[in-house]
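Engineer: Have a look at this one.
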Amino acid sequence: MGRTKGWIMQDFGGAKLILFIGERIVVLRRDHKPGIPWPGRLDLPGGGRERLESPEHCVLRETHEEIGLRLGAHDLIWRDRFHRGVFFAAHLPIEAEQRIVFGSEGQGWSLMEPQLYATHPEAIPHFAEMVRRYLNQKPV
């Protein structure tokens, strides 16, 4: 996995997943609700930590809630940290697209080329940075 030295795993606020379905990543369109950070922007699956859950449990729970896919910790092939957020990456076959069931948060989902997300003006900037980091460190 990515860099982990010096992490205090209790000190994180949430987790996000760069989820590849084939060669593209899952991207969510955020709601326009009052008080929501980055309203209407392009998001990645994941969200805020609940109670004392681990970063892995947080990202797996949130991914299931948001797009209906159940992944395991073994699917998480990379991780890195950005401030109080933990980012992961996973790769699923193209057939997994048929199993996506959009949840109740956000305006919708799509698959996007990761390079496009990494430079898209509507992407959440620090999420786009993490996609760029992953693409630069991507395991062979």
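Engineer: For Ala123, enumerate residues with amide H under 5 Å from its amide H, sequence gap 5+ or separate chain, H modeled in the peptide plane.
Structural biologist: Distant-sequence amide H within range of Ala123: Leu42.
Engineer: Using unit Cβ charges (K, R positive; D, E negative) and no other charged atoms, how large, in debye to the nearest 20, is the dipole of the chain about its Cα centre?
Structural biologist: My answer is approximately 420 debye.
Engineer: Right, another one. In square angstrom, what is the accessible area per residue of the chain with a 1.4 angstrom probe?
Structural biologist: It amounts to 53 Å² per residue over the chain.
Engineer: Just to confirm a number: summing +1 for Lys and Arg and -1 for Asp and Glu over residues other than Gly22 whose beta-carbon lies under 11 angstrom from that of Gly22, what do you get?
Structural biologist: Local charge sum for Gly22: -3.
Engineer: Still on this structure, I have one more. Using θ = phi - 60° and the Karplus curve 6.51 cos²θ - 1.76 cosθ + 1.60, what whole-Hz ³J(HN,Hα) does each residue of region 24-33 get, with Gly and Pro shown as x?
Structural biologist: Using θ = phi - 60°, the values come out as 10, 10, 6, 10, 10, 9, 5, 5, 10, 6 Hz.
Engineer: Give me the percent of accessible area attributable to carbon and sulfur for the chain, probe 1.4 angstrom.
Structural biologist: Its accessible area is 54 percent carbon and sulfur atoms.
Engineer: Pulled fully out, how much extra length does the chain show between His120 and Gln137, if you take 0.36 nm times their separation in residues and subtract their Cα-Cα distance?
Structural biologist: My answer for the length gained is 4.1 nm.
Engineer: Taking loop as defined by DSSP and a crowding limit of 12 other beta carbons within 10 Å, which trypsin sites (Lys or Arg not before Pro) in region 23-89 fit?
Structural biologist: Answer by residue number: Arg51, Arg70, Arg84.
The values are calculated or read from the model by the stated rules, or taken from the named source; none is laboratory data. Bear in mind that the values here come from a model prediction, so they are computed numbers and not experimental data. With ideal geometry, Cβ positions are generated from the backbone for all residues, glycine too; neighbour counts draw on all protein chains shown. Please note that ligands, DNA and RNA were not included when accessible areas were found on the heavy atoms of the full protein model with its side chains. Shrake-Rupley method; radii C 1.70, N 1.55, O 1.52, S 1.80 Å.
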